Amino acid sequence: MFCKVVCFSIFGSIFLSLAHSQDEDAITKLQNAVLVLQHRVSVTEAQLEKTQTRLTQADVKLQQAEMNAATLKTQLTSQLNTAVKRLQETGVALSKEGARIAMAEKEIQRLKDNSGTTFVHWGRTSCPGTPSTTLVYSGAVGGTGYDTQGGAANYVCLHPNPQWNKYGQGGTSSGMYGTEYQDLDNLFGTKNAAKFLDNDVVCAVCHVASRSSQIMIPARRECQPGWTKEYEGYLMTSYESHAGKKLFTCVDENPEVARGSFEDKNGALMYRVIAQCGSLQCPNYVQGRELTCVVCTK
């Protein structure tokens, strides 16, 4: 609009000047030039209006984009906060679960520490050197007399320091005797069988902290897979024709005797056990061979 005013003012002055000179041709040319200029101004103004419209539309789109970006930012921030909160909750849950696991492991260890099993190491005053095996006490083997009709059928490992309660009450009773080795025929790898004959049998009670089961396997020197071998030896019991019957017992292959115990007083006795073919399957058993044994824990 400013261009229109200026242009008309300039050309108006020129026109008046030419009018005085009576130059009609110049006036005509000037008028035509003014019309051309007016057209160009109109076109320019139209283009400016279109440009302004486009700028306005672009500004609207920019504002909309900014609004969308702000909305997206808000949504992303909310999602991030939610994710952080869930991670924190998960961390708390994992921490609690970790504490429970630690308590469970502690309880398992406590149960392991308070569990285990025991076995008697017959013929020795010490325990085998297997892991987590400790000596409870050592003593001498006792049992009912070899010619006794009644009484108990098992050997026991007697403590060397007995504790008494009431005693001397009279009446009928059953006797506890010491136990002697009998008729070994060099079973324990010595040329002097008398080293063991009529000497008292010793024993040791052993505790295994890390294993909870124990078995004695007759006629074997090795344990089953997964079991720990505590010791091996020979199967022994009372003599088959004696009145007093005893359980089969696994005596260490390298036994000891109680010091100063050589006295042929009998009492409970221990004899080697041999295979008797017939009802016993031979082979794999062999007539007359001494039966081995092994004590295993797991």
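The table for this structure:
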{"quantity": "Selection status of S238, more than 30 Å from I108 (Cα to Cα) and in contact (Cβ under 8 Å) with a residue 24 or more places away in the chain", "calculated": "yes"}
{"quantity": "Filter result (surrounded by fewer than 15 Cβ atoms within 10 Å (Cβ to Cβ) and part of a loop (DSSP other than H, G, I, E, B)) within the range 269-284", "calculated": "Q276, G278, S279, Q281, C282, P283, N284"}
{"quantity": "Criterion (assigned to a loop (DSSP other than H, G, I, E, B), in contact with a strand residue (DSSP E or B) (Cβ under 8 Å, 6 or more places away or on another chain) and open to solvent by less than 30 Å² (accessible area, probe 1.4 Å)) met by exactly one of R220, R211", "calculated": "R211"}
{"quantity": "Residue in the range 244-260 that is open to solvent by less than 10 Å² (accessible area, probe 1.4 Å), within 36 Å of the chain's Cα centre (by Cα) and over 14 Å from W122 (Cβ atoms) present", "calculated": "no"}
{"quantity": "Pair list, Cβ < 8 Å and 6+ apart or interchain, from the range 27-47 residues that are surrounded by 11 or more Cβ atoms within 10 Å (Cβ to Cβ) to residues that are of a type in the set (K, R)", "calculated": "Q38/K4; V41/K4"}
{"quantity": "Which numbered condition Q182 fails, given (1) in contact (Cβ under 8 Å) with a residue 40 or more places away in the chain; (2) polar (S, T, N, Q); (3) open to solvent by 80 Å² or more (accessible area, probe 1.4 Å)", "calculated": "(3)"}
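Table: residues versus (1) of a type in the set (F, W, Y); (2) open to solvent by less than 60 Å² (accessible area, probe 1.4 Å); (3) touching a residue at least 60 places away in the same chain (Cβ under 8 Å); (4) part of a helix (DSSP H, G or I).
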site: R86; (1), (2), (3), (4): no, no, no, yes
site: E89; (1), (2), (3), (4): no, no, no, yes
site: A93; (1), (2), (3), (4): no, yes, no, yes
site: E97; (1), (2), (3), (4): no, no, no, yes
site: I101; (1), (2), (3), (4): no, no, no, yes
site: L135; (1), (2), (3), (4): no, no, yes, no
site: S138; (1), (2), (3), (4): no, yes, yes, no
site: V141; (1), (2), (3), (4): no, yes, yes, no
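The values are calculated or read from the model by the stated rules, or taken from the named source; none is laboratory data. All values reported here derive from a predicted model rather than from experimental measurement. For neighbour counting, all protein chains shown are included, and Cβ atoms are generated from backbone atoms with ideal geometry for every residue, glycine included. Note: areas computed on protein heavy atoms with side chains; ligands, DNA, RNA excluded. Shrake-Rupley method; radii C 1.70, N 1.55, O 1.52, S 1.80 Å.
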